[in-house]
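Trainee: Just passing along the structure, written as structure tokens.
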Amino acid sequence: MSTAAADPVLSPTTGEPVAVVARRNRLGIWLCIVSDAAGTVSLLIAYAYLWSLNVNGGWAPKKGAWAPDWLFWAIVLGMVVACALLWWGVKSVFAGHREGLVVAATLSSLLLLAMFILQIWQLATFPFDISESSYTSATFWLALSNAFHLSLGSLLVLAVVNRTRAGKIGVDNPFQSRLVAMWITWLCAAALLGAIFTTAMKDSPNTDPPAFQSFTQPHTS
């Protein structure tokens, strides 16, 4: 009886079993998520700090125009659906159906691209000047960060489509698709946090904000 079918599939780049390479790559994607999370959390902390302090009453937009809530949540919803589609495709390829991953990843990539376009449209149609207040600046940077996430996520999922069609991702080596799905899951979490902050934390709770004088260079004789 032949034992060839029981031999592990080897990675074409390292010659190791693909399961070994997948474990190492999984650590890498977790490190990427932690690194990206540091930047996202920094933006959220800055938003919360400016919102709570309201220095010189400069938090709220001067024109009183807040960003519409529905756009933030529409983008999050689209990202979550795209992520669910991708995980369905990952489940399909692990079950031995490569075509399911191609279909699911294609739909996921297109939906992420649509959300990227919607995010750019939101950035272009904010009802305020970016430098108008602390809120407008903080909201702009959170939205810009999400636009970057969406562009990168769409390209990565498109790469899954191309690699699956080329036979580089399949029943014998499905692990790369799961790594990309893990990354997209993090992007959904980051977008959700941004939406919560920008829609729930508008009017500052500090109604008696501290006043600071602007710095002026002392005159010398």
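Trainee: Looking at this structure, is Val9 at pLDDT 90 or above and surrounded by fewer than 17 Cβ atoms within 10 Å (Cβ to Cβ)?
Mentor: No: the conditions fail for Val9.
Trainee: Going through region 64-79 one residue at a time, which ones are under 19 Å from Leu113 (Cβ atoms), surrounded by 19 or more Cβ atoms within 10 Å (Cβ to Cβ) and not aromatic (Phe, Trp, Tyr)?
Mentor: Result: Leu71, Ile75, Val76, Gly78, Met79.
Trainee: Moving to a separate point now. Any idea which residue in region 130-160 is surrounded by the fewest Cβ atoms within 10 Å (Cβ to Cβ), counting only those that are over 18 Å from Gly39 (Cα atoms), touching a residue at least 60 places away in the same chain (Cβ under 8 Å) and of a type in the set (Val, Ile, Thr)?
Mentor: So, considering only residues that are over 18 Å from Gly39 (Cα atoms), touching a residue at least 60 places away in the same chain (Cβ under 8 Å) and of a type in the set (Val, Ile, Thr), the one surrounded by the fewest Cβ atoms within 10 Å (Cβ to Cβ) is Thr136.
Trainee: Now, a different point. What pairs come out if I take residues in region 171-192 that are in contact (Cβ under 8 Å) with a residue 12 or more places away in the chain and of a type outside the set (A, V, I, L, M) and pair them with residues that are surrounded by fewer than 22 Cβ atoms within 10 Å (Cβ to Cβ) and assigned to a loop (DSSP other than H, G, I, E, B) whose C-beta lies under 8 Å away, six or more apart or interchain?
Mentor: Asp172/Val9; Asn173/Val9; Asn173/Ser11; Gln176/Lys168
Trainee: Given the options Asn173, Asn146, name the one that is out of contact with any His (no Cβ under 7 Å at 6 or more places or on another chain) and modelled with pLDDT of 95 or more. Explain how you work it out, then say what you get.
Mentor: Working: Asn173 fails: modelled with pLDDT of 95 or more.
When all the criteria are applied, what remains is Asn146.
The values are calculated or read from the model by the stated rules, or taken from the named source; none is laboratory data. Keep in mind the model is a prediction, meaning the values are calculated, not measured. All Cβ positions, glycine included, derive from the backbone under ideal geometry; neighbour counts span all protein chains shown.
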